[in-house]
Structure formats: structure tokens, C-alpha cells
Amino acid sequence: QVQLVESGGGLVQAGGSLRLSCAASGRTFSSYTMGWFRQAPGKEREFVAAISRNPSSTVYADSVKGRVTISRDNAKNTVYLQLNSLKPEDTAVYYCAAQSSSLYYTNKDKYDYWGQGTQVTVSS
């Protein structure tokens, strides 16, 4: 069992930045691939970014590539999502997720554990 708790969401103007955090407990953090997904009202949950267990590699959705950075600090059992140059269309609930395999970074169905989500709202 893995518990994931997101934080760092909030209200920001277009062009601004936020740093989301996801704290993990219950398992050896370094053994998991970690992902970030988001879900806007009326839309399906979509992939944002993922980072593999060490040695780490990263992958990003085309919609956020160049504006988003995912990172992890295994000593703190925490994964981060740095959001820059935010747009109103980035408004969503952002979810942290974990999986024991690194084979399916972008597939939400392959993730085993999910956090409760944190709201990101970007105003125009």
C-alpha cells in the first residue's frame, strides 16, 4: 500500500508558475515510477509528465512540454511538478500517481496508486 498526498495547487494568473509536490509513504519510494495527471471538468484524466525510478528518465505530454519539469527527491520521498508559463487551459485537478513498472509512463490505467489531487486554477 502506497499513500500519495499532493500539495502546492492554487490560483495563479496566466503566465505565472506553481510548484506541485507529492509526498509518498508506505513503500520504498525509489522503486516506483511516478506520474502526474490532470483532469478538467467534463474531461477525461490526461497524462502530464512521468519520471522513472533511478536512474531517472522523464517524459512529457506535448501540451506541456517546455513549460513543465518533473523531478524527484528520493531522500524526501517526494516528486515535484514545476509548472511555468501557465495558461487557462492548464486549469484542472492535478493528481500524483505511482506504478511499480517503468514500461507505461503515459497510460493512466497502469498506475497503481493515486493521490487525492490538488486544484490548479489559471485565470486569464
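What per residue convex hull volume, in Å³, comes out for region 60-124 when only alpha-carbon positions are used?
So the per-residue hull volume is 108 Å³.
Just reorder Asp62, Asp90, Asp73, Asp109 by solvent-accessible area, largest first, 1.4 Å probe, all chains present.
Largest accessible area first, the list is Asp62, Asp109, Asp73, Asp90.
Please report the Cα spread of the chain along all three principal axes, rounded to whole Å, starting with the longest.
Taking max minus min along each principal axis of the Cα atoms, the chain gives 40, 25, 25 Å.
Using only the alpha-carbon atoms of region 1-64 as identical scatterers, what base-10 log of I(q)/I(0) does the Debye formula give at q = 0.19, 0.21, 0.25 Å⁻¹?
Scattering profile of region 1-64, log10 relative to I(0): -0.94, -1.10, -1.31.
Could you tell me the relative contact order of region 17-100? Use alpha-carbon pairs under 8 Å, at least six residues apart, and round to a whole percent.
Relative contact order, region 17-100: 41 percent.
Rounded to the nearest whole Å², what accessible area per residue is found for the chain with the 1.4 Å probe? Walk me through the numbers before you get to the answer.
Numbers: 6240 Å² over 124 residues.
Spelled out: the 1.4 Å probe surface of the chain, per residue, equals 50 Å².
Heavy atoms only, 1.4 Å probe, whole protein assembly: order Val48, Val5 by accessible area, highest first. Can you show the working numbers first?
Values: Val48 0, Val5 70 Å².
I get Val5, Val48, largest accessible area first.
Antiparallel DSSP bridges in the chain: what percent, to the nearest 5?
Expressed as a percentage, antiparallel bridges in the chain total about 90.
Kindly report, to the nearest 10 Å², the accessible surface of Glu46 as traced by a 1.4 Å probe over protein heavy atoms only.
Estimated to the nearest 10 Å², Glu46 gives 80 Å².
The values are calculated or read from the model by the stated rules, or taken from the named source; none is laboratory data. Just so we're clear, the structure is a prediction, and the values are computed from it rather than from any experiment. Calculation scope for accessible area: heavy atoms of the full protein, side chains included, ligands and nucleic acids excluded. Shrake-Rupley method; radii C 1.70, N 1.55, O 1.52, S 1.80 Å.
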